[in-house]
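See below for the structure under consideration.
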Amino acid sequence: MSVVDTRLVQTAVIGTKDSDQPVILPEEPYNLDQFRRHFRGKRFWCGTLLGGCGEELMTKRYETKVCHFAHFPDRTGMAPACHRVANGADSADHLFIKRDLTEWLKAQGVRVQAELRNLGTGPGDAVDFWLPSTRQRLRFQLCLQDYRTWYRAEQELGTSSEQMDWVFGAEGPISANMVQRQGYALRVKCETHGSDRRVLIGVERTGRPVTWSSLDDCRLTSDGLVTPVLEELLSDRSVTQRGKGAWLRPATFPLRADQIVFAIDAKAPTPKHSPLAAEGRYIIAADVKPASSRIIRAHVSLPADVPMPTEQYVYRLHGVARLLLTDPDPQDGAQWAVRADGVIQLSGIEAERTGLWRPGVALPEPVRTTPDVPVPEQRTVTGQTATASGRANSAAQSTSSSSTGPDPDMVTRVRKALEDFARRRTLTAWSTLGLVAKVNLVRLSATDRRDLLIAVDRPASPDKPVLSALVRDSGGRPLPDMTTIIRKLGLQPPTDDVTLKLWCDREKERAYQTHSASGVRLIPARLALGSDGKASGPPIVPQPNKRNAQSGSGHPQRQGLLEEGVARLRKALTQAEELLPRLSGRHHKRLSDTIKGARRRLNTYESARAKGTPYLDWLGSRSDTPSHHARLLLRAIEAVEPHAGPQPTPKTEPPVASQPVPPPRITQPISSSPQGKESGSQSPRDHSADQFDELVNQFREAQRVLDVDRAEQIYRMAGPIYKAQLSPAAQHRNRPILAEMRTWVGVQQPNRSSSLLRRCRRLIHQMRDEKDKLSTDALVALVAEAEALSERVTLSDGEKKDLARWQRHLQTRREAEQSASADDPSENEHVGEARLSQSQILQLASTVRTLLEQTARGQSLTTWGELRRRLGESVLPRLHPDDQGEVLVAVDRDTPANEPLLSSLIVVGDGEIHPLYRHVAFSLDRDVPLSDAALRSEWTVEVLRLRTLWKHR
């Protein structure tokens, strides 16, 4: 009895049973007819290289099912025994790959040796190509392997070749591992075209689909097989360059960042070239201490935008931390480093507990002796008097230390730049300071930057501000090295972040006043610190020193000129105030504005004199002295007096004898200067000079309150007056002032917050899109926030009109509701009940906690507005801030002490910490840092921990 062969064999070889020439049978009958005509006279075999039995095959044509090969029956009519495992269209892909790659390489003039490999599952497990001329090897791995088998094969094949390329047939753990090693993996597949299969080469990358290219589009280079896509990736360094000795990407292991602290060693060499290096990051050598483990010397990889840590502090890793590890090298072995997203500076007590740091007082550093700075006591030499050689060594060390200090030219440039920032009343960062000073500060290490600032501020004295306080980090906080700078200047340093910020803010004001362009300088005293390094009560008003307190000592001529100018200003004010009631229109306004400026300067002088604060006046041609304001006032009087009305008619009553007789009107300026001898009428150029001086005064006021928009508007108005209306002498005198205005406006341009402008525009669009859904209370909140933001940013005319329209709409809605409320008095009975009872707080807290748990599982943040939208205003109305705090406290009352607070997921603005977070944490007896910066860092870590805890709950 015959048995029909039911195996659907799609591939075979032609020629002999051991042939490596594959064919594939078409599945459709009309294609099979063409196949038979093409291979007429050929015999098909179940080839041994296909894992077959070596018997002859015939073609089977069907109209209702797939066409296929079948074995010829034997003499007894039985189908021969065949243990071939793979029968499908891809069962001969290893033969197609061998054939096409061989032809492709020979077409390029490359001699090649191709060999099929049986790795345990069949002859098509792998195909090896060896290129003797270039000593390159290609391994097409078509079956899956475990890592140890693959690693042994790589070591064996890679030893005898200069370049080794792996091309994987299927996606699996080994190809994914290759992607992690070098950023990509090569893949291969075959596609059917008639009775043939064509080879495609692909590039696999993390999180992206495989990009396939035909073999004809690929190239063989000294670095191996390259596809068009891979060529682009190698050119822009998106992946690792291949080749013998090329560095592979390190493996990464997740770590607990909050359990790893480190301190750097500035003397330890920093690796210049390392396989652990990555673009946008830098590596430092540090002493690393994991929790419950010993200290070990290791490398730490940090982002380039994180300031380089210094040896004066201990840091804790922040964000996501991983262990980077390379493959073992025969010479250097395996290399490793700790990779982190950021660092947090530890406080003194925490740092000392780690064993990586001791307080600086244990190792006193020598301070340059100056007459005004107390010199700390130095350690005495043990034993007898120091020998001559000891003195020589000490001198040599001193010379060496001075020779390696900051460059004097760099110190001068940075000092002048900081004085310029103080004159413009602005803070700065390292990048901006380097641009203004024309010094490359980026290349300096943190220690070099610190030493540079110390040199800038030496010698320190009570009447000299510390200019280093003007340099801040990206968040506007004092520099991490500021405490060390203060200590090395011979001053008592603050011991906590809050006091340090107060101290630096006081020095900032001292610098502003010392280098002010105004003639009036009210220099506050340096912040007094107690023995514990904290502020000792309210600021002490500085007592004037002898040269300022004694009117006749020091500079009697300057003191006499100052008093003379004040006297003339008082007389001019009396005359102007008498004339003012008789004026109207623009003449009244001009004299009134001049009186205000003069009165303000006179009040400043009298206030400083009453408090005993040193009053420093720039005399001569400066535009803020009492003498100058007296001249301005007298000029204004002369200009407007012809337009004054008649004297008011005195009353008929006889004058009271006790009333003082008014002094006679002054018709000429009381001044010995040449300006006092001018004619009684004011020329147009004099009037323009007055206008320019008034604009300068208004600019100073806008500069003081950091109103950049107002300052720029004033600068735009002052420019045309300066160019077209001032005399050449006045232009020469005011050129530095106009340049200062232009520089300050230009520097302050980045302070215009584009995020505030975007927020304001979003509010206007929200009111427009949700106009029919917003309640009156919601509209009030949106309009109020938009109004507040509109005062800080510049809106377009259309946006201003939209905001004004919504203000009118809100007013109309309020009037309508008030009218309706007046008609129904019962509605007013519940208006005052804005606070929640304890039961309402607990009920609301349960609902809010459920939503916060869902938010934590979703790995996201939320806002009060989002919670209100999800629950509805009937369930979660707009709460009083105190009620918000009580609800959040109730939400986290049952949260375990070792877990983060769920309320930390509630944010404001663009993901910023909620103002109530400090209150909630304090109410629940959590440790709350004093400084806002430390609180925000802790909050960021808590949010990350919370997401990790709730990810699988």
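Just one of the listed residues (Lys508, Lys501, Lys488) is within 22 Å of Val306 (Cα to Cα), basic (Lys, Arg) and not assigned by TED's automatic domain parsing to the domain that holds Tyr315, and it is Lys501.
Is it the case that segment 857-868 has a residue that's surrounded by 12 or more Cβ atoms within 10 Å (Cβ to Cβ), farther than 30 Å from Gln766 by Cβ and modelled with pLDDT under 85? Checked segment 857-868: no residue is surrounded by 12 or more Cβ atoms within 10 Å (Cβ to Cβ), farther than 30 Å from Gln766 by Cβ and modelled with pLDDT under 85. Within segment 837-848, the presence of at least one residue that is touching an Asp or Glu at 6+ places or on another chain (Cβ under 7 Å), under 27 Å from Glu785 (Cβ atoms) and touching a residue at least 12 places away in the same chain (Cβ under 8 Å) is confirmed. Name the residues in segment 692-735 that are β-branched (Val, Ile, Thr) and under 16 Å from Arg424 (Cβ atoms), would you? Passing the criteria: Val696, Val705, Val708, Ile714.
When restricted to residues that are within 21 Å of Asp100 (Cα to Cα) and under 38 Å from the mean Cα position of the chain (by Cα), segment 168-201 contains 2. Note on segment 152-193: residues that are over 30 Å from Pro26 (Cα atoms), of a type in the set (Val, Ile, Thr) and either touching a helix residue (DSSP H, G or I) at 6+ places or on another chain (Cβ under 7 Å) or not assigned by TED's automatic domain parsing to the domain that holds Ser133 (or both) total 1.
Selection of strands (runs of 3 or more DSSP E) fully inside segment 1-93 by the criterion of at least 3 residues being over 18 Å from Arg197 (Cα atoms) and not aliphatic (A, V, I, L, M) returns 56-60.
Residues that are in contact with a Cys (Cβ under 7 Å, 6 or more places away or on another chain) and either on the phi > 0 side of the Ramachandran plot or not in a helix (DSSP H, G or I) (or both) are absent from segment 778-791 altogether.
Do we find that Thr102 is buried (at least 19 other Cβ atoms within 10 Å of the Cβ), closer than 30 Å to Gln136 by Cβ and of a type in the set (Ser, Thr, Tyr) in this structure?
Details: buried (at least 19 other Cβ atoms within 10 Å of the Cβ): no; closer than 30 Å to Gln136 by Cβ: yes; of a type in the set (Ser, Thr, Tyr): yes.
Judged against the criteria, Thr102 is not a match.
For segment 225-269, taking the residues that are part of a strand (DSSP E or B) and modelled with pLDDT under 65, the one that is surrounded by the most Cβ atoms within 10 Å (Cβ to Cβ) is identified as Ala251.
A count restricted to segment 11-52 and to residues that are in contact with a strand residue (DSSP E or B) (Cβ under 6 Å, 6 or more places away or on another chain) and at pLDDT below 85 stands at 0. Is it the case, given these coordinates, that Val167 is modelled with pLDDT of 80 or more, β-branched (Val, Ile, Thr) and touching a Cys at 6+ places or on another chain (Cβ under 9 Å)? Answer is no for this residue.
A quick yes/no check of all residues on (1) within 60 Å of the chain's Cα centre (by Cα); (2) not assigned by TED's automatic domain parsing to the domain that holds Leu142:
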site	(1), (2)
Asp74	no, yes
Asn87	yes, yes
Lys98	yes, no
Thr102	yes, no
Ala107	yes, no
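Selection of segment 706-734 for residues being more than 21 Å from Leu757 (Cβ to Cβ), hydrophobic (A, V, I, L, M, F, W, C) and either in contact with a Cys (Cβ under 9 Å, 6 or more places away or on another chain) or free of Cβ contacts under 8 Å to residues at least 40 places away in the same chain (or both) yields Ile714, Met717, Ala718, Ile721, Ala724, Ala729.
The set of residues in segment 412-432 being at pLDDT 85 or above and either buried (at least 20 other Cβ atoms within 10 Å of the Cβ) or among the aromatic types (Phe, Trp, Tyr) (or both) consists of Val414, Ala417, Leu418, Phe421, Ala422, Thr428. Of the residues making up segment 280-293, none is of a type in the set (Lys, Arg), farther than 21 Å from Trp357 by Cβ and modelled with pLDDT under 80. Reported count of residues in segment 287-304, each being over 18 Å from the mean Cα position of the chain (by Cα), of a type in the set (A, V, I, L, M) and more than 17 Å from Asp258 (Cβ to Cβ), is 3.
The values are calculated or read from the model by the stated rules, or taken from the named source; none is laboratory data. Just so you know, these numbers come straight off a predicted model, no measurement behind them. Neighbour counts are summed over all protein chains in view; Cβ atoms, including those assigned to glycine, are modelled from backbone coordinates with ideal geometry.
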